[in-house]
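One structure is given below, encoded as structure tokens.
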Amino acid sequence: MKGVVFVQFADFIEENFGLLFWDQVLEVVDPPSGGAYTTVGTYPDEEFLSLLSHICEVKQLDSGDAQVMFGRWLFEKLHAIAPPGNKAQGDPFAFLRRVQDVIHVEVKKLNQDAILPEFRFISETDTCMTMEYISPRHLNRFCEGLILGLGDYMSQPLEVVHKQSILNGDPASIFDVIKKG
């Protein structure tokens, strides 16, 4: 997983629970990196999942809910560092298609080893987009949070309904992204 996610995760935890708590998490989990993350580094997925698991256990949070909270918070941070041509504007559905068709392609050009999720768009109306989320990480709820963060950023409330999930034994992870209001 890219270091930018780890750096932002540390900021998210510090902002929500304090620096002392983050230091305690690093001490208990004792991640291989020692918690010294850089935005350009790459770290094992398991390190993120171990940190998340410990935080959820201590704070009595559901892991899925914590992923949504972090993803929702993270969208604006990632958006702020995106190149000007990749900024969210117009319709959230158009931006989600742009993530798949342009942004992920550009990221792969810069980092061929990046493991990025893939979106397959199944159907779309003015108010509902059905998409398949494909990722070996299976961070479905984190993806949900990023989508909700997109809606927050664009002042277009969104709802993500999980129709199917690999995590539940289904053959694929399929979401309905619904424009509210």
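The values are calculated or read from the model by the stated rules, or taken from the named source; none is laboratory data. If you're wondering where the values come from, they're calculated on a predicted model, not measured in any experiment. FYI the Cβ positions are ideal-geometry reconstructions off the backbone, even for glycines, and counts take in every protein chain you see.
For the residues GLU76, GLU47, GLU57, the requirement of being at pLDDT below 95 and outside the structural domain of LEU158 (by TED's automatic domain parsing) singles out GLU76. Would you confirm whether or not the range 145-162 contains a residue that is of a type in the set (Gly, Ala, Ser) and touching a Pro at 6+ places or on another chain (Cβ under 6 Å)? Yes: the range 145-162 contains one or more residues that are of a type in the set (Gly, Ala, Ser) and touching a Pro at 6+ places or on another chain (Cβ under 6 Å). Inspect all residues belonging to the range 102-118 and state whether any of them is more than 26 Å from LEU52 (Cβ to Cβ) and either modelled with pLDDT of 95 or more or charged (D, E, K, R) (or both). Checked against the condition, which is being more than 26 Å from LEU52 (Cβ to Cβ) and either modelled with pLDDT of 95 or more or charged (D, E, K, R) (or both), the range 102-118 yields at least one hit.
Taken residue by residue, the range 45-59 has no member that is of a type outside the set (Phe, Trp, Tyr) and part of a loop (DSSP other than H, G, I, E, B). Listed conditions (1) closer than 19 Å to GLY149 by Cα; (2) not in a helix (DSSP H, G or I); (3) not hydroxyl-bearing (Ser, Thr, Tyr) are all met by TRP73, apart from (2).
Scanning the range 128-147 for residues that are surrounded by 17 or more Cβ atoms within 10 Å (Cβ to Cβ) and within 17 Å of SER63 (Cα to Cα) yields LEU139, ASN140, ARG141, PHE142, CYS143, GLU144, GLY145, LEU146.
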